[in-house]
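The values are calculated or read from the model by the stated rules, or taken from the named source; none is laboratory data. Everything numeric in this text was worked out from a predicted model, so none of it was measured. Counting neighbours? That spans all protein chains shown, and the Cβs are built from the backbone with ideal geometry, glycine included. To get the accessible areas, we keep the full protein, side chains included, count just its heavy atoms, and leave off ligands, DNA and RNA. Shrake-Rupley method; radii C 1.70, N 1.55, O 1.52, S 1.80 Å.
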Amino acid sequence: MKSSKGKLNIRELILFGILGAMTFALKLAMAWLPNIEPVSLCILVYGVVFGRKALYPTYIYVAMEILYFGLGIWNFCYLYVWALLVLAAIFLREMQQPLGWALVSGVYGLLFGALCAIVDAFIGGPAYAVAKWASGIPFDIAHCVGNFCIALILFRPLRELLEKLYRNMKR
């Protein structure tokens, strides 16, 4: 049942599919709140627990976004912004303090619009990207506050639960 490094076994494949779908369902459930979303928390936890394999549930989530909402400009930024969050989680995975994870998640929410502006710069030029990013700052602030609060409360219990599940699954 063990998988070699980087390769998935059937249990991991099923788990990552479920987690990607669950991430998408959670986003839909909270869609009525502007930029208050559980996706950042999920991806941070996946990065800490699964390392680079966190890219599997992350991109299953992205694929579901595209299938459900259709292909749009925002999909292009999703191809790199979520990978950056996975990389941050892997880099910081030894951190244990919920406040630290809440800060990481909050800063990520605050920077989300700026990160997405990279795609806008290619589409409409730098002035367009800056104007679009600046007009979205109130939403980035809501994203920051929401991410911070959700991670502060839920990061530790979700990490512990997923680590236990993954450990038991690998037996």
Segment 80-142 and segment 39-65 have their Cα centres apart by a whole-number Å value of 16
Of the convex hull drawn through the C-alpha atoms of segment 102-169, the volume per residue in Å³ is 86
Rounded to the nearest 10, the angle in degrees between the Cα long axis of helix 55-69 and the longest principal axis of the Cα atoms of the chain comes to 50
Computed over segment 1-74, protein heavy atoms only, probe 1.4 angstrom, the accessible area per residue in square angstrom equals 51
For the chain, any Cys whose C-beta has no other cysteine C-beta under 4.7 angstrom counts as unpaired, and these are 42, 144, 149
Nearest 10, in degrees from 0 to 90: the angle of helix 98-124 to the longest Cα principal axis of the chain is 50
Taking Cα atoms, the helix 10-29 axis meets the longest principal axis of the chain at an angle in degrees (rounded to 10) of 40
Carbon plus sulfur, as percent of the 1.4 Å-probe accessible area of segment 11-53, comes to 76
Pairs over 23 Å Cα to Cα, from 27/170; 27/53; 53/132, come to 27/170; 53/132
With residue 73 itself left out, Lys, Arg at +1 and Asp, Glu at -1 over residues whose Cβ is under 14 Å from its Cβ give -1
